[in-house]
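Novice: First the structure, which I've put down as structure tokens, then a few questions once you've had a look.
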Amino acid sequence: MIDLYYWTTPNGHKITLFLEEAGLDYKVLPINIGRGEQFQPDFLKVAPNNRIPAMVDHAPVDGGEPISVFESGAMLVYLAEKTGRFLPTDIRRRADVLQWLFWQMGGLGPMAGQNHHCNTYAPEKIQYAIDRYVGETGRLYGVLNKRLADREFIAGEYSIADMASYPWIVSHERQSQDLNDFPNLKRWFDTIAARPATIRAYEVAKEFNTQPTVSDEEARKILFGQNAQTVR
Ligand SMILES: N[C@@H](CCC(=O)N[C@@H](CS)C(=O)NCC(=O)O)C(=O)O
């Protein structure tokens with residue numbers, strides 16, 4: 001029913017977390033971003049930003065033509081609305097989930113991504129950049145830790161806000177963060193890690209790739225050599 005354009009990265013995991021929780025029928029179409037498959041014309045028709053994840057729903061609820069969606073946050077909202085799950089309809093609880101979803105999309109994801117880049121991939125280790133992104137990632141972990149002091153999940157019940165943030169906390173060591181410094185976040189992390197759907201989602205990843213995505217010089221060139229001229 002759903003074609004999922006996917007690779008084994010945090011933004012990809014967000015969507016398999018949802019699909020496994022909801023038990024939706026889906027087919028994974030692997031897009032190896034370390035080999036440049038994000039520039040294939042068929043993929044770009046669905047994902048003009050040449051980034052995974054993206055999807056095509058062949059059975060939208062209005063019964064019409066297939067709907068394609070890119071951007072993981074938009075995909076989570078689409079899937080939540082399709083299934084009526086993990087995003088409340090009540091306006092107060094819905095606003096709460098959405099503000100934390102957007103917090104992840106605009107804050108935790110981009111900052112942790114730059115953290116990975118400056119800490120791990122940058123050929124020159126620039127201390128200012130490392131301190132900036134490790135510090136900002138730590139600040140965001142602190143915000144989440146505080147938020148989770150008096151509730152089990154980010155917006156009360158398990159929701160798309162949790163699914164968006166969890167995969168970025170999985171790589172906490174690479175971000176130079178110690179979860180023992182954030183006890184509420186650690187408890188939340190361990191709770192989500194133990195969910196059967198989470199375990200299944202990360203098993204799905206292993207069917208497609210078990211290696212680091214940035215494993216060689218070719219991958220570095222493809223992923224870190226992009227500019228206005230590489231847009232296709
Ligand atoms: N804001 C986008 C970010 C997507 C993104 O950065 N995806 C990465 C993998 S996690 C990607 O496809 N990178 C390919 C590239 O850099 O060429 C989302 O949340 O969907």
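Novice: Quick one: what does P(r) look like for region 1-159 with 10 Å bins over all Cα pairs, in whole %?
Specialist: Distribution as computed: 10, 33, 34, 19, 4, 0 percent.
Novice: Please find the FRET efficiency linking GLN229 to GLU65, where r is the Cβ-Cβ separation and R0 is fixed at 41 Å, and quote it to the nearest 0.05.
Specialist: For R0 = 41 Å, the calculated efficiency reads 0.75.
Novice: Here's something else I'd like to know. Can you check what the net charge comes to around ASP96, using other residues whose Cβ is under 11 Å from the Cβ of ASP96 (Lys, Arg +1; Asp, Glu -1)?
Specialist: Charge balance near ASP96 sits at +3.
Novice: Skip the ligands, DNA and RNA, and give the accessible area per residue of the chain with a 1.4 Å probe, whole Å².
Specialist: Computed with neighbouring chains in place, this is 49 Å² per residue.
Novice: What would the Debye formula give as log10 I(q)/I(0) at q = 0.10, 0.13 Å⁻¹ for the alpha-carbon point model of region 124-232, no solvent?
Specialist: Debye curve over Cα of region 124-232, log10 I(q)/I(0) at q = 0.10, 0.13 Å⁻¹: -0.41, -0.68.
Novice: Next up: How high is the FRET efficiency between ARG195 and GLU81 when r is their beta carbon distance and R₀ equals 22 Å, given to the nearest 0.05?
Specialist: Step by step, r from the Cβ atoms, then E = 0.50.
Novice: Per 0.36 nm of contour for each residue apart, how much would the distance between GLU207 and SER176 grow if the chain were fully extended, relative to their Cα-Cα spacing?
Specialist: 8.3 nm
Novice: Which of the listed residues, ASN115, LEU144, THR210, is farthest toward the dipole's positive end in region 80-232, when Lys, Arg count +1 and Asp, Glu count -1 at the beta-carbon?
Specialist: Looking along the dipole axis, the top candidate is LEU144.
Novice: Under 5 Å between amide hydrogens, which residues at least 5 positions from TYR6 or on another chain qualify, with H placed 1.01 Å from N in the peptide plane?
Specialist: When sequence neighbours closer than 5 places are left aside, the close amide H contacts are LEU29, ILE31.
Novice: Applying a 10 Å radius around every beta-carbon, put 203-214, 95-106 in order of their mean neighbour count, most first.
Specialist: Order by mean packing, descending: 95-106, 203-214.
Novice: Another question, if that's okay. Please report, as a whole percent, how much of the solvent-accessible surface of the chain comes from carbon and sulfur atoms (probe radius 1.4 Å).
Specialist: Percent of accessible area from carbon and sulfur atoms in the chain: 52.
Novice: Take region 20-99, drop everything but the C-alpha atoms, weight them equally and run the Debye formula without solvent; then report log10 I(q)/I(0) at 0.17 Å⁻¹ to two decimals.
Specialist: At q = 0.17 Å⁻¹ the computed log10 ratios are -0.78.
Novice: Oh, and also: As a quick test, which of the pairs LYS14/LYS146; LYS146/LYS186; LYS82/LYS186; LYS14/LYS206; LYS125/LYS186 have an alpha carbon distance above 19 angstrom in this structure?
Specialist: The pairs that break the limit, which is 19 Å between Cα atoms, are LYS14/LYS146; LYS82/LYS186; LYS125/LYS186.
Novice: In whole angstrom, how far apart do the alpha carbon centroids of region 165-232 and region 103-142 sit?
Specialist: 14 Å
Novice: For labels at ARG139 and SER215 in the simple 7 Å Cα→Cβ model, what's the distance in nm?
Specialist: Reported label-point gap for ARG139 and SER215 is 3.7 nm.
Novice: GLU218: net charge of surrounding residues, Cβ under 15 Å, Lys/Arg +1, Asp/Glu -1, itself excluded?
Specialist: 0
The values are calculated or read from the model by the stated rules, or taken from the named source; none is laboratory data. Quick caveat, the model's predicted, so the values are computed rather than measured. Glycine also receives a Cβ, built like all others from the backbone with ideal geometry; neighbour counts cover every protein chain displayed. Keep in mind that these areas ignore ligands, DNA and RNA; they rest on the heavy atoms of the full protein, side chains included. Shrake-Rupley method; radii C 1.70, N 1.55, O 1.52, S 1.80 Å.
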